[in-house]
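Asks: Take this structure, written in structure tokens, and hold onto it; I'll ask about it next.
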Amino acid sequence: MGGHGGQVMKTWREKLLSLPQDTRIIPIPPKMRGRLGEGMMVVPSARAVEAALRTIRRGRLATAREIAQTLAGQYETTVGCVVTTGIVAAIIAQAADEEERMGAKRITPYWRMLKQDGELNLKYPGGLANLRTRLEAEGHIIVERGRRFFIEDYAKRLIKPPRRRI
């Protein structure tokens, strides 16, 4: 790949692989306990987030919250880290797009992950045009509100994370 100042640029997959590869289980940080309560939090690895994203079937949707809750269920923790999940998902989206451009037929379905409240993440590869094409092909209706775009009735299409047994 080309570079800046003689540096070789990493592919998005390489950037993804350079992230921590171990999922960590930590106590919910004190600053978050007022909102989340006591308990344990899963801080997922890129591999864990990507595996969870790959389970979102055609026609279904998720936000970072549903993916984090899914991971919390898998790792038997109180909550999942929504921030880490969202950041890693953005890198996964770029890596998947890059792989598709290099000829991959099956990629991680990043377009099925929305921002909170069902908003499209226009920072994902290809922006609105790409997301619209993919989501409408799966039967979703996109509505414009001001300068933002949302999936109509998105909540009806959200994945259902497993219920926590406490």
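The values are calculated or read from the model by the stated rules, or taken from the named source; none is laboratory data. For clarity, every value in this text was computed on a predicted model and none was experimentally measured. As a convention, Cβ positions derive from the backbone with ideal geometry for all residues, glycine included, and neighbour counts pool all protein chains shown. Accessible surface areas use protein heavy atoms only, side chains included; no ligands, DNA or RNA. Shrake-Rupley method; radii C 1.70, N 1.55, O 1.52, S 1.80 Å.
Asks: Quick query: amide H of residue 23 versus all other amide H atoms, modeled in the peptide plane; which residues come in under 5 Å with a sequence gap of 5 or more or a different chain?
Replies: 45
Asks: Now, a different point. Could you tell me which GluC sites (Glu not before Pro) in segment 29-108 are loop residues by DSSP with no more than 14 other beta carbons within 10 angstrom of their beta carbon? Spell out each step's value before the answer.
Replies: Values: sites: 38, 50, 66, 76, 98, 99, 100; in loops: 38, 76.
Sites meeting the loop and neighbour criteria: 38, 76.
Asks: Could you tell me the relative contact order of the chain? Use alpha-carbon pairs under 8 Å, at least six residues apart, and round to a whole percent.
Replies: Working: 249 pairs, mean separation 37.2, N = 166.
Worked out over the chain, it gives 22 percent.
Asks: Just from its helices, what would the mean residue ellipticity at 222 nm be for the chain, if runs of 4 or more DSSP H residues each count -39500 (n - 2.57) and the sum is divided by every residue, rounded to the nearest 500 deg cm²/dmol? List each step's numbers first, then the result.
Replies: Numbers: 6 runs with 61 residues, N = 166.
The helix-only estimate for the chain comes to -11000 deg cm²/dmol at 222 nm.
Asks: Then there is this: Rolling a 1.4 angstrom probe over the protein heavy atoms, how many square angstrom per residue are accessible across the chain?
Replies: For the chain, the solvent-accessible area averages 60 Å² per residue.
Asks: Suppose accessible area is computed on protein heavy atoms with a 1.4 Å probe; arrange 9, 41 from highest to lowest. It would help to have the intermediate numbers written out before the result.
Replies: Numbers: 9 70, 41 5 Å².
Accessible-area ranking of 9, 41, largest first: 9, 41.
Asks: Follow-up. Starting from segment 105-140, pick out the GluC sites (Glu not before Pro) whose DSSP state is loop and whose Cβ has at most 10 other Cβ atoms within 10 Å.
Replies: Working: sites: 119, 136, 138; in loops: 138.
When the GluC sites (Glu not before Pro) of segment 105-140 are filtered for loop state and at most 10 Cβ neighbours within 10 Å, nothing remains.
Asks: What is the antiparallel percent of DSSP beta bridges lying wholly in segment 1-114, to the nearest 5? Could you put the intermediate results ahead of the total?
Replies: Values: 4 of 8 bridges.
Beta bridges within segment 1-114, antiparallel portion: roughly 50 percent.
Asks: Please compute, for the alpha-carbon atoms of segment 72-128, the extent along each of the three principal axes and give them in descending order in Å.
Replies: 39, 23, 14
Asks: Got a sec to turn the phi values of segment 16-32 into Karplus ³J(HN,Hα) couplings, 6.51 cos²θ - 1.76 cosθ + 1.60 with θ = phi - 60°, whole Hz, x for Gly and Pro?
Replies: 4, 6, 7, 6, x, 9, 9, 6, 10, 10, 10, x, 4, x, x, 5, 9
Asks: Moving on to the next point. Check which residues have an amide H placed less than 5 Å from residue 158's amide H, if you skip close sequence neighbours.
Replies: Here 61 satisfy the definition.
Asks: Also, I was wondering about something else. Using the Cα atoms of the chain, I'd like the radius of gyration and the largest Cα-Cα distance, Dmax, both in angstrom.
Replies: Rg, Dmax (Cα atoms, Å): 16.8, 54.
Asks: Could you give each residue of segment 65-72 its phi-based ³J(HN,Hα) in whole Hz, using Karplus coefficients 6.51, -1.76, 1.60 with θ = phi - 60°, and x for Gly or Pro?
Replies: Result, rounded to whole Hz: 5, 5, 5, 4, 5, 4, 5, 4.
Asks: On the accessible surface of the chain, probed at 1.4 Å, how many percent belong to carbon and sulfur atoms?
Replies: Values: 5250 of 9960 Å².
With neighbouring chains kept in place, the figure for the chain is 53 percent.
Asks: Please go through segment 33-117 and write out the trypsin sites (Lys or Arg not before Pro) that DSSP classes as loop and that have at most 13 other C-beta atoms within 10 Å. Kindly include the intermediate steps, with their values, before the conclusion.
Replies: Working: sites: 33, 35, 47, 54, 57, 58, 60, 65, 101, 105, 106, 112, 115; in loops: 57, 58, 60, 105, 106, 115.
Hits after loop and neighbour filter: 57, 58, 105, 106.
Asks: Related question: Of 158, 131, 86, whose Cα points farthest to the positive end of the dipole of the chain (charges on the beta-carbon: +1 Lys, Arg; -1 Asp, Glu; origin at the Cα centre)?
Replies: 158
Asks: Turning to a different aspect of this structure: Would you kindly derive the ³J(HN,Hα) couplings of segment 37-51 from the backbone phi angles with the Karplus curve 6.51 cos²θ - 1.76 cosθ + 1.60 (θ = phi - 60°), listing them in order in whole Hz, with x for Gly and Pro?
Replies: x, 7, x, 10, 10, 8, 9, x, 6, 4, 4, 5, 5, 5, 4
Asks: Does segment 70-166 come out rounded, prolate or oblate, given a ≥ b ≥ c as the square roots of the eigenvalues of its C-alpha gyration tensor, rounded meaning a/c under 1.5 and, failing that, prolate meaning a/b above b/c? Present the calculation step by step, with values, prior to reporting the outcome.
Replies: Numbers: a/c = 1.96, a/b = 1.31, b/c = 1.50.
Oblate, since a/c reaches 1.5 and b/c is not below a/b.
Asks: Once the convex hull of the C-alpha atoms of segment 32-123 is built, how many Å³ does it hold per residue, rounded to a whole number? Display every interim value, and only then the final one.
Replies: Details: hull volume 8.9 nm³, N = 92.
Spread over its residues, the Cα hull of segment 32-123 gives 96 Å³ apiece.
Asks: If contacts are Cα pairs under 8 angstrom and at least 6 residues apart, what is the relative contact order of segment 63-153 in percent? List each step's numbers first, then the result.
Replies: On the way: 93 pairs, mean separation 19.9, N = 91.
Relative contact order, segment 63-153: 22 percent.
Asks: Right, here's the next one. Rounded to the nearest 0.05, what FRET efficiency is calculated for residue 106 and residue 14 with R0 set to 22 Å and r the Cβ-Cβ distance? Provide the component values of the computation, followed by the final result.
Replies: On the way: r = 20 Å, r/R0 = 0.90.
For R0 = 22 Å, the calculated efficiency reads 0.65.
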